[in-house]
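The values are calculated or read from the model by the stated rules, or taken from the named source; none is laboratory data. Not measured: the values here are computed from a predicted model. Cβ: placed from backbone, ideal geometry, glycine included. Neighbour counts: every protein chain shown. Heavy atoms of the whole protein, side chains included, go into the accessibility calculation; ligands, DNA and RNA do not. Shrake-Rupley method; radii C 1.70, N 1.55, O 1.52, S 1.80 Å.
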Amino acid sequence: MPTPIVLTTRGLKKSYHKDRIDVPVLRGVDLDIQQGLVTALVGRSGSGKSTLMHLLATLDRPDQGEVFFRGNRIDNAPRAVRDRYRNHEIGVIFQFYHLLPELSAIENVLAPAMISQSVWGYFRSRRENLRRAEAMLDRVGLLHRSKHRPCEMSGGEMQRVAIARALMTDPTLLLADEPTGNLDTETGKEILRLLADLNATDNMTILMITHDDEIAAAADVCWRMKDGLIQTEHEEGLSERLATHAA
Ligand code: ADP
Ligand code: MG
C-alpha cells in the first residue's frame, strides 16, 4: 500500500520583481511529500529552496499554482485555516535558529503554545504545556539547559532548542531549511542524527532542505531544484521503508 501524501504542490510559480523586471524563481513546481519519510530538497544557493519552503509553510503566496495539505487546498485558505495549519500541522526550523534572545530555552520552546492558544486556554493548561516543553527539551537532550538563554548556548544547542520548539505542537511535518548550514561538520552530523532519529523512532515526516549532496543522498527521497523546476533524483531504500511502514 503506498504511503499517504502529506503535502503536494502543483504548478507553483513565484517571481520576485526587481527594477520592474520579473525575476522568476519557481517556474512550475510539482512536489509530493510522503508521510513517514525523510524527503530532501537539494539545490544550489539561490535556486529557490527557501522561496518554496515559504510557500509550503503558507508564509508567502504563490503567483500561480496550488499547495495541498492532506488533499485540502491550503495556499488560498482563510486566515484561520492557515493559522491552524502553521500552528498545529507543521514545525519549521531554520539555518539561524530564530530563537528569541531574551527568553530562556524552556520559554522559547513554550512560545508556540502561547501563540496557538488563547490567553485563558494557555493559563488553563500551563502545567501541561510546561510538562510538554520539558519533555521536548529532554527529547533533544537539553533539559539541563532549560534556564539558559540562547547567548549562553552553542550553535548545535540552539538548533536543538529550535527543534524542541518545532515539536511542541506535535506537528505532522517538520520543514527544515538548511538546519546544519551554520554548524561545523561534527555538530551538523549530530543534528542530522537527531532528525533521523525523530523520523525512525517517532515516525516524523521531514522535509530536509540543503545545498549539500551528501546530506541529500541520505534521505529516503530526493528532489533536485534547478532552473525553477524540480525533479525526483532517487528513491533509494524507498521500497524497504514503505514495506516497514506498511507492516
Ligand atoms: P535558496 O534558498 O535556494 O538559496 P532563495 O529561495 O532564498 O534560494 O532565493 C532564490 C532567488 O530569489 C535568489 O536569486 C534570491 O536572490 C531571490 N530572492 C529571494 N527572496 C527574495 C525577495 N524577497 N525579493 C527579491 N528577490 C528574492
Ligand atoms: Mg535558502
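Numerical summary
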quantity	calculated
Cut-off under 5 Å, modelled amide H: who pairs with T205 long-range	G36, L174
Percent carbon-and-sulfur accessible area, the stretch 163-218, ignoring ligands, DNA and RNA, probe 1.4 Å	43 percent
Cα gyration tensor category, rounded, prolate or oblate, for the stretch 107-194 with a/c compared to 1.5	prolate
Surrounding net charge for G46, when Lys and Arg each add one and Asp and Glu each subtract one, Cβ distance under 12 Å	+2
20 Å reach of a label modelled at N76, 7 Å along Cα-to-Cβ, counting backbone N of the stretch 6-47	7-16, 26-31
Accessible surface, 1.4 Å probe, highest first, among residues V6, V81	V81, V6
222 nm mean residue ellipticity, helices alone, for the chain (DSSP H n ≥ 4; -39,500 (n - 2.57); rounded to 500)	-11000 deg cm²/dmol
Cross-link pairs K14/K189; K18/K189; K18/K49; K189/K226 - those with Cα-Cα distance over 29 Å	K14/K189; K18/K189
Under-5 Å amide H pairs with V29, H placed in peptide plane, nonlocal only	G11, L12, K13
Virtual spin-label span in nm between Q95 and R127, 7 Å along Cα→Cβ	4.4 nm
Cα-based shape type of the stretch 1-63, given that a ≥ b ≥ c are square roots of the gyration tensor eigenvalues and the cut on a/c is 1.5	prolate
Sum of side-chain charges, D22 neighbourhood, beta-carbon under 14 Å (Lys, Arg +1; Asp, Glu -1)	+3
For the stretch 1-147: accessible area per residue (Å², 1.4 Å)	56 Å²
Three-way shape label, the stretch 98-247, alpha-carbon gyration tensor, a/c 1.5	prolate
Spacing of the two label points (7 Å from each Cα toward its C-beta) at T172 and A217, in nm	3.3 nm
Solvent-accessible area of F123 with every protein chain in place, 1.4 Å probe, in Å² to the nearest 10	100 Å²
Inter-probe distance in nm under a simple model that places probes 7 Å from Cα toward Cβ, at Q231 and D22	2.5 nm
